[in-house]
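See below for the structure under consideration.
Coordinate-derived values only; no laboratory data. Source: prediction; values computed, not measured. Note that we place each Cβ from the backbone using ideal geometry, even for glycine, and neighbour counts take in every protein chain shown.
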Amino acid sequence: MATFFQVNYVAVFVAAVAGLIVGMLWYLPMTFGAHWASLVRRYTGLSDEDLRPDPPRHLSMWFVGAILNAAVLAALARGVGADTAPQGAMLGIAAWIGFGATFSSWPVIFARQPWDLWAVNNGAFLLMQAVMGAVVAAWH
């Protein structure tokens, strides 16, 4: 537990911001956002209006999650001795494989969510984890 309190919280904040930027770029309409929206509409029946974000609320909720994610990655990086950007990126990828990819498959398996939606979301998750891991490991 001491490792968790010895992380660089400025690096955690920067990593969370970097992760959000990666995610925002990933979900732009010209990258995967339009495809994501069509998959969500088809799966959930929500309208375009229903999918329209409330930026202050949604971004603040997303940012809290990114902060928690980056803090845990920083503690993991410190605990395993990852102290370079490539080592941190690999740690982020390993965390995605072990936790993100596996746990996020449950809606696909049990709620019949489309695998395409899983792939779009997990592409973003993978990239975000790698970037955040690189930041917290290199800037410890």
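Can you run phi through the Karplus equation (6.51, -1.76, 1.60; θ = phi - 60°) for the range 32-40 and list ³J(HN,Hα) in whole Hz, with x for Gly and Pro?
Computed from phi, the couplings for the range 32-40 are 10, x, 5, 5, 4, 4, 5, 5, 5 Hz.
Please work out the FRET efficiency for the pair ASP116 and PHE5, using the Cβ-Cβ distance as r and a Förster radius of 35 Å; give the result to the nearest 0.05.
In this case the efficiency is close to 0.30.
Which three lengths, in whole Å and largest first, does the chain cover when its Cα atoms are put on their principal axes?
46, 32, 26
Roughly what would the spin-label model give for SER47 and ILE97, points 7 Å off Cα along C-beta, in nm?
4.5
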